[in-house]
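What follows is one structure encoded as structure tokens, with my remarks underneath.
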Amino acid sequence: MKYILSIFLMLIFVTEHYYPITKSNAVSQDIIINKNNICLSACDFPIESSDKNIVNDIWEIFKNELSWNTYNNKAEIQNEINRINNHGAWYYNYLSEQARPYLHYVIQEIKNRKLPIELALLPFIESNYDPNAFSHGSAAGFWQIIPSTARQYGVPINSWYDGRRDIVLSTNAALDYLTRLHKYFDGDWLLAIAAYNAGEGTVSYVQKRNAAWGKNTDFWSLNLPNETKQYVPRFLALIHIIKNSSALGIDLPELINAEQFKISYWPTQIDLIALADILNISLKEIYKLNPGFNYWQSAPDGPHQILIPIKDSNYMSELISELPINKNIQWIHYRIRSGDCLSKIAKMFSTSVSIIKKVNRLSTNRIIVDHELLIPKVVNDTINNDNHKPHYTEYKIKRGDSLWDLSKTFNVSIDKIAIWNDINKEEFLKIGNTIKLYVCVNQHDISRPETIQKVAYHVKNGDSLIRIANRFNVSVSELVAWNLKVKKQPGLIYPGQYLVIYVDITQQHFDA
């Protein structure tokens, strides 16, 4: 007995000497692991404030951590503060809703790079955090990246996809560019922000000119383009407003400090309409997280990055793991008939029972007659590549859908949808109901929603209607119709004139 007791005491001594992994030790190891693999784990946790306490509202994180001198004693800043505040409470509600899906991710990426959190407010100035924004200077996305910058930082622009609208790709490119500008201008963030707007060449040229004249070369001393003179003060004004919102009596709607999406990689060509069905969300919600897609499907060759709502991310990972690799899939709506069973249906479409159950979230093999299943069928060619004729299909109504949305998505009129389904054009669509459609399913016949942006184009020396029309992929007759002055004096435009152009953002490829 004494021998056993001696061994027991010795074991206690040895285990204490070698520090067993207690809960506190395990946490420290996790912290070390997270630091070494920050890109892998960054989005799995709420953003911490600088005092390491979890903050539940993103606006509170800004209030705690914004630290730049906003020069709010300067008239330029006060003018911009007044201009922004004149919009009223609705404006801050609008900004919050626009940024809600994206802001957590942007802040986390900024923190990962140890950049100032102020930069997360820049897309508000650029585009009101609208990933579909498109400017007269051909800048796109909520970071407003121009084609040449996209090429420089490896962001794809082609007929299938515009990476400037991609949340992840555009954020990486914008932060890379801002980091380089900050270094180029010797750590001066105001000059870097000015260069983000005007171009580093413009800012550098004016700096050198000031230096040659014996003048100061800081931002406030430079005679930059008028747009840039307003741009930087507007940015500083917004920083001041957010930092001091409580003192200014501004009520900012709560923005939950939580991850909004996960990045998945679909192995082959993606059918976004089918993806919306699989996740039981509207196509509009798919495009909100994945605005880079120009059509309802991706380019043929995979894999393709796709952002998935956080609530569906685990399910999507499991589904992707079961899909055939390097095989294109056609998604078929199949109505269950009397006598059907899952094994029979799987055999009919050369797929498996487990995939059908996973896609349709079935926990058992029980199926119900007249209910609908979404079936993945392997095809040899790209999705519907040779199918140009109208085909009958059915679409299940999701939250947020309207007849107008469906007419734009499927390129058919509201009148036709109403006739096919014997409904009133003013009728609200009931979630879960099925709509009958006869549509062309070629990728260029089904458009994505929210693709038209109104652009005010500033006419330059050497411009002509044909040149402008070609640049924005519109017709001369459309330019004339949109602009009353041009309509009254056909063909007459002059430098400094503003033209209204309705641009389809999915058709601005610029051969990048």
## Note on the structure
Selection from segment 182-218 of residues crowded, with 16+ Cβ neighbours inside 10 Å and either aromatic (Phe, Trp, Tyr) or touching a strand residue (DSSP E or B) at 6+ places or on another chain (Cβ under 7 Å) (or both) yields Phe185, Trp189, Tyr196
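For every residue, the table says whether it meets (1) over 27 Å from Lys262 (Cβ atoms); (2) among the aromatic types (Phe, Trp, Tyr); (3) assigned by TED's automatic domain parsing to the domain that holds Glu118.
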{"position": "Lys63", "(1), (2), (3)": "yes, no, yes"}
{"position": "Leu66", "(1), (2), (3)": "yes, no, yes"}
{"position": "Asn73", "(1), (2), (3)": "yes, no, yes"}
{"position": "Ile81", "(1), (2), (3)": "yes, no, yes"}
{"position": "Ile84", "(1), (2), (3)": "yes, no, yes"}
{"position": "Glu97", "(1), (2), (3)": "no, no, yes"}
{"position": "Tyr102", "(1), (2), (3)": "no, yes, yes"}
## Note on the structure
Restricted to segment 59-80 and to residues being surrounded by 15 or more Cβ atoms within 10 Å (Cβ to Cβ) and over 28 Å from the mean Cα position of the chain (by Cα), the residue farthest from Lys243 (Cα to Cα) is Glu76
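Filtering segment 465-474 down to residues that are of a type outside the set (D, E, K, R) and either free of Cβ contacts under 8 Å to residues at least 12 places away in the same chain or farther than 20 Å from Asp504 by Cα (or both), which residue is surrounded by the most Cβ atoms within 10 Å (Cβ to Cβ)? Before you say what the answer is, go through the steps one by one.
Start the filter on segment 465-474 by keeping residues that are of a type outside the set (D, E, K, R), which leaves 465-466, 468-470, 472-474.
Still in the list and also either free of Cβ contacts under 8 Å to residues at least 12 places away in the same chain or farther than 20 Å from Asp504 by Cα (or both): 466, 469-470.
On the way: Ile466: 12, Ala469: 17, Asn470: 12.
It comes out as Ala469.
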### Task
Can you tell me which residue within segment 366-384, out of those that are surrounded by 15 or more Cβ atoms within 10 Å (Cβ to Cβ) and more than 25 Å from Val353 (Cβ to Cβ), is modelled with the highest pLDDT?
Thr382
### Message
Would you confirm, using the coordinates I've provided, whether Ile193 is under 30 Å from the mean Cα position of the chain (by Cα), in contact (Cβ under 8 Å) with a residue 40 or more places away in the chain and in a helix (DSSP H, G or I)?
### Response
yes
### Task
Scan segment 142-183 residue by residue and report those that are in a loop (DSSP other than H, G, I, E, B), touching a residue at least 40 places away in the same chain (Cβ under 8 Å) and of a type in the set (Gly, Ala, Ser).
Ser159
### Task
Among residues belonging to segment 229-252 that are hydrophobic (A, V, I, L, M, F, W, C) and outside any helix (DSSP H, G or I), point out the one that is nearest to Leu95 (Cα to Cα).
Leu252
### Query
in contact (Cβ under 8 Å) with a residue 12 or more places away in the chain, in a strand (DSSP E or B) and not β-branched (Val, Ile, Thr): does that describe Lys262?
yes
### Query
Among the listed residues Ser135, Ser148, Ser127, which satisfies the condition of being within 28 Å of Tyr295 (Cβ to Cβ) and buried (at least 19 other Cβ atoms within 10 Å of the Cβ)?
Ser127
### Condition met for Ser363 (out of contact with any Cys (no Cβ under 7 Å at 6 or more places or on another chain), hydroxyl-bearing (Ser, Thr, Tyr) and at pLDDT below 80)
no
### Task
Would you check which residues across segment 151-207 are small (Gly, Ala, Ser) and closer than 24 Å to Leu224 by Cβ and list them?
Ala173, Ala174, Gly187, Ala192, Ala194, Ala195, Ala198, Gly199, Gly201, Ser204
#### Entry: Candidate set from segment 496-512 (those that are part of a loop (DSSP other than H, G, I, E, B) and either touching a His at 6+ places or on another chain (Cβ under 9 Å) or at negative phi (or both)); member that is modelled with the lowest pLDDT
Ala512
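Has segment 300-309 got at least one residue that is modelled with pLDDT of 85 or more, under 18 Å from Thr268 (Cβ atoms) and in contact with a His (Cβ under 7 Å, 6 or more places away or on another chain)?
no
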### Query
Inside segment 400-495, counting only helices (runs of 4 or more DSSP H) that do not spill past its ends, which hold 2 or more residues that are among the aliphatic types (A, V, I, L, M), more than 23 Å from the chain's Cα centre (by Cα) and modelled with pLDDT of 80 or more?
414-421, 465-472, 476-482
### Message
Anything in segment 303-339 that is outside any strand (DSSP E or B), touching a strand residue (DSSP E or B) at 6+ places or on another chain (Cβ under 7 Å) and under 29 Å from Leu103 (Cβ atoms)? List them, or say none.
### Response
Pro303, Ile310, Ser313, Met316, Ser317, Ile320
### Task
Please tell me if Glu285 is acidic (Asp, Glu), assigned to a helix (DSSP H, G or I) and in the same structural domain as Tyr161 (by TED's automatic domain parsing).
no
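The values are calculated or read from the model by the stated rules, or taken from the named source; none is laboratory data. From a predicted model like this one, the values you see are computed outputs, not experimental measurements. All Cβ positions, glycine included, derive from the backbone under ideal geometry; neighbour counts span all protein chains shown.
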